[in-house]
Each structure stands twice: as structure tokens, then as C-alpha cells.
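A.B. asks: Next up is a structure, given as C-alpha cells.
A short reminder: the numbers here are calculations on the coordinates, not readings from a lab. Quick caveat: nothing in here was measured; it's all calculated off a predicted structure. All Cβ positions, even for glycine, are placed from backbone atoms using ideal geometry, and neighbour counts span all protein chains on display.
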Protein chains: 2
Amino acid sequence: MNIAHHLSEHDIKPSYQRIKIYEYLYKEMNHPSVDTIYKKLVGEIPTLSKTTVYNTLKLFIDKGITSTVTIEDNEVRYDAIMDAHGHFKCTSCGAIYDIKYDFKDVAMNELKGFEVKETQVHVKGKCNQCLTK
Amino acid sequence: MNIAHHLSEHDIKPSYQRIKIYEYLYKEMNHPSVDTIYKKLVGEIPTLSKTTVYNTLKLFIDKGITSTVTIEDNEVRYDAIMDAHGHFKCTSCGAIYDIKYDFKDVAMNELKGFEVKETQVHVKGKCNQCLTK
DNA sequence: ATATATTTTTGTAATGATTACAAATTTAGA
DNA sequence: TCTAAATTTGTAATCATTACAAAAATATAT
């Protein structure tokens, strides 16, 4: 995918920092925190500021190309995948896995008259890698 | 329900503060934050410390009589209902509603070999009260 | 009942994520 | 090039949460 083009399509001027941040989010698929993104990119962009990472992610969210995962820990994680999907967080190693689910099955009849904008499914436990250790 | 007894059953000594905090959680059912609990109870218990609220909720969680709802906002909310259920958060008024759901419908086949301990379903949008205003 | 040990509560200081804000830099337009 | 607008940066402020030790309350032993 052409990242600069993808940003432009969503009304975001493709600056160097924005391209790098989106590229990281999109390629790594590791649901990083702001700190993880910052630490990784400051090697390539020595002048990078954490504030820029915050600003940029907020912009991405406004423009609808990034979503947040607040599975716990008072630390927000970010995700470039916008399809409805859930997350599994391993309480042992901290990794976050994507899980597909079909939400139409989940009883939503209680929410009649409500305007649903966003749905998140979070599952916590231990991943198979940690279990087999 | 006899709260002192309920606490004792779960290996928690029923001190005055603990009873009051659990009582608030159980009766109000409003998924309060630490700050909400503190502000409400400090009228009745003028010497109450916010640290006590934190300590007490952590103890309740350890003993399995309280769960957390981290739907967003970097502010943890607490819940005395321990049955599996989801939450709807109104982005307009901030209220959190309980929603029942049948989790067996949600595709969990991807999590074979994983040990699932906890599941949360979060829905965001606008509640009917805010929509009809 | 008194002294002692244990538990609980409290207050203050520290931590860590996030935001506010203004200056510096970069980019775009005349 | 010169000027205006947008973007980035660094520092300070904010806010939830935790660490920690002293104070208070409760339980236990003499």
C-alpha cells in the first residue's frame, strides 16, 4: 500500500513523521503504545517528539484510519486495522492478538433505540506460547 | 443482602470503610470511578482517604467480588456484578449501561489452546435518552 | 485490663501517561 | 524570495494511580 496516498485520501497531509508513524502501525500490527512507537522511531527520526506521536495518532483517529484498544493498564494501544475485530491479551507476556468475531450473534436487542457507533470485544488469559513453556 | 457477611464469606474482614464502599458499589450499580466513590462517601466518612478506596477495590478484585470496566478514558470503573455481561457507554452523557449477551455465540474458535480468563464486551454510542433530547 | 502484635487506614510524595501551550521549524502560496 | 499557514518540538501542567511509612484501630496474649 502507498502510505502517503492512503493518508491523502483521508485528508491528512503526508508529512515525514506521519508516514513513518502510520507505516509502523500498519506493518508491525503489534498494537503498540505511544511509548513503543516513540522508542522505535526515534532511532530513525532523532528529533521526534512524543507530543508528535500523540498529535498524529489523535489525527489518525479523527480521520478514521486508526482505532484505539483500551484493554487495560491505563495505557492506550493503537491499531491500524479498522474492521470489527476483537483482541486477546495475554496476561503473562502482554502480547495482544487479533480475534475475529461475528457480532450480529451477540444479543443487541437490549440496545433498541440506542445509536451504536463502536464495539469492542476483549478477552484476557494466557496464550498458547506462554502455556506450553 | 448482608454486606458484612458477604465480605466475610470472601475472606475480607468487614471494616466500616469496606462495608460502605461495597454497599455503594452494590446499591448504586453506576460503575463508578474511584473519584466518584470517594466524593460520595467522604461526606459520611470525613476521614476517608482516596488511598483506602484504591486499596479496598484492589482487595475486592483479588477476592473476586468486584470487577473492572476499562471502557476508555484512562479512568477505571468498578462493578459489583460478577456475571458475564457487557457495557454500553454513552459518549454524550457518559452513563454506562449493562447489556446481557450470550458469549457462546462469539466466535472463539480462534482461541484454541489459549486459556481464557475474562471477557469484556464494550459498545459505544448514544443512549436513547440523549438521542431524544 | 494491659501490653504487644497485627491489620487497616491515612496522608504525602513519587510515578507515568496524557494534555496544554507556545516557540521553532517546515511547507505552501503570493 | 517573502509571508502566511501548518506541523513539529520541548517544557510544564494535569490527572489517575501507586509506593510507602506513620497513625489509628483491632485482635491476641499475658
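A.B. asks: Mind checking the dipole of chain B: about its Cα centre, +1 per Lys or Arg Cβ, -1 per Asp or Glu Cβ, Debye to the nearest 20?
C.D. replies: Using Cβ point charges on Lys, Arg, Asp and Glu, chain B gives about 360 debye.
A.B. asks: How many partner chain Cβ atoms sit within 10 Å of a residue's Cβ in peptide B:121-130, on average, as a whole number?
C.D. replies: Counting Cβ atoms of other protein chains within 10 Å of each residue's Cβ and averaging gives 6.
A.B. asks: Students often get this wrong, so check it: of A:Lys100/B:Lys40; A:Lys50/B:Lys20; A:Lys39/B:Lys39; A:Lys40/B:Lys89; B:Lys39/B:Lys63; A:Lys126/B:Lys126, which have C-alpha atoms separated by over 31 Å?
C.D. replies: Violating the 31 Å Cα-Cα cut-off are A:Lys100/B:Lys40; A:Lys50/B:Lys20; A:Lys39/B:Lys39; A:Lys40/B:Lys89; A:Lys126/B:Lys126.
A.B. asks: Oh, and also: Rounding to the nearest 10 and keeping the result within 0 to 90°, find how far the Cα-based axis of helix A:50-63 lies from the longest principal axis of chain A.
C.D. replies: 60
A.B. asks: Taking a label point 7 Å out from Cα toward Cβ, give me the nm distances from A:Met29 to the same spot in the other copies, shortest first, one decimal.
C.D. replies: Spelled out, the distances from A:Met29's label point are 4.2 nm.
A.B. asks: Would you calculate, for chain B, the mean residue ellipticity at 222 nm contributed by helices, counting each DSSP H stretch of 4 or more residues as -39,500 (n - 2.57) and dividing by all residues, to the nearest 500?
C.D. replies: One gets -9500 deg cm²/dmol as the mean residue ellipticity at 222 nm.
A.B. asks: Now a separate question. For the range B:15-70, compute Rh as the Kirkwood radius over C-alpha pairs and then the Stokes-Einstein diffusion coefficient at 37 °C and 0.692 mPa s; write the answer in µm²/s, rounded to an integer.
C.D. replies: For the chosen part, D equals 291 µm²/s.
A.B. asks: In nm, one decimal, shortest first: how far is the label point of B:Asn2 (7 Å from Cα along Cα to beta carbon) from the matching points in the other copies?
C.D. replies: Nearest first, the other copies' label points are 7.4 nm away.
A.B. asks: Based on alpha-carbon atoms only, what is the radius of gyration of the range A:38-81 relative to the globular estimate 2.2 N^0.38 Å?
C.D. replies: 1.24
A.B. asks: Quick check on the range B:26-133: of the DSSP beta bridges with both residues there, what percent are antiparallel, nearest 5%?
C.D. replies: 65
A.B. asks: So what are chain B's ellipsoid semi-axes, whole angstrom, largest first, if each one is the square root of 5 times an eigenvalue of the alpha-carbon gyration tensor?
C.D. replies: Semi-axes (√(5λ), whole Å): 28, 21, 12.
A.B. asks: Determine the alpha carbon to alpha carbon distance for each of A:Lys13/A:Lys58; A:Lys133/B:Lys117; A:Lys124/B:Lys58; A:Lys13/A:Lys117 and list only those over 20 Å.
C.D. replies: Going by Cα-Cα distance, A:Lys13/A:Lys117 fall outside the 20 Å limit.
A.B. asks: List the distances, in nm and shortest first, from the label point of B:Glu72 to the matching label points in every other copy, placing each point 7 Å from Cα along the Cα-to-Cβ direction.
C.D. replies: 2.2
A.B. asks: Run through the DSSP bridge list for the protein assembly as shown and note the antiparallel percent, rounded to the nearest 5.
C.D. replies: 75
A.B. asks: Cα gyration tensor of the protein assembly as shown, axes a ≥ b ≥ c as square roots of the eigenvalues: rounded (a/c below 1.5), prolate (a/b > b/c) or oblate?
C.D. replies: prolate
A.B. asks: While we're looking at this one, here's another question. Normalised by the residues of chain A, what does the relative contact order come to in percent, with Cα pairs under 8 Å and at least six apart?
C.D. replies: 20
A.B. asks: Additional query: Please list, in order along the range B:39-47, the HN-Hα scalar couplings obtained from phi with the Karplus expression 6.51 cos²θ - 1.76 cosθ + 1.60 (θ = phi - 60°), rounded to whole Hz, x for Gly and Pro.
C.D. replies: Here the 3J(HN,Hα) series is 4, 6, 7, 5, x, 7, 10, x, 8 Hz.
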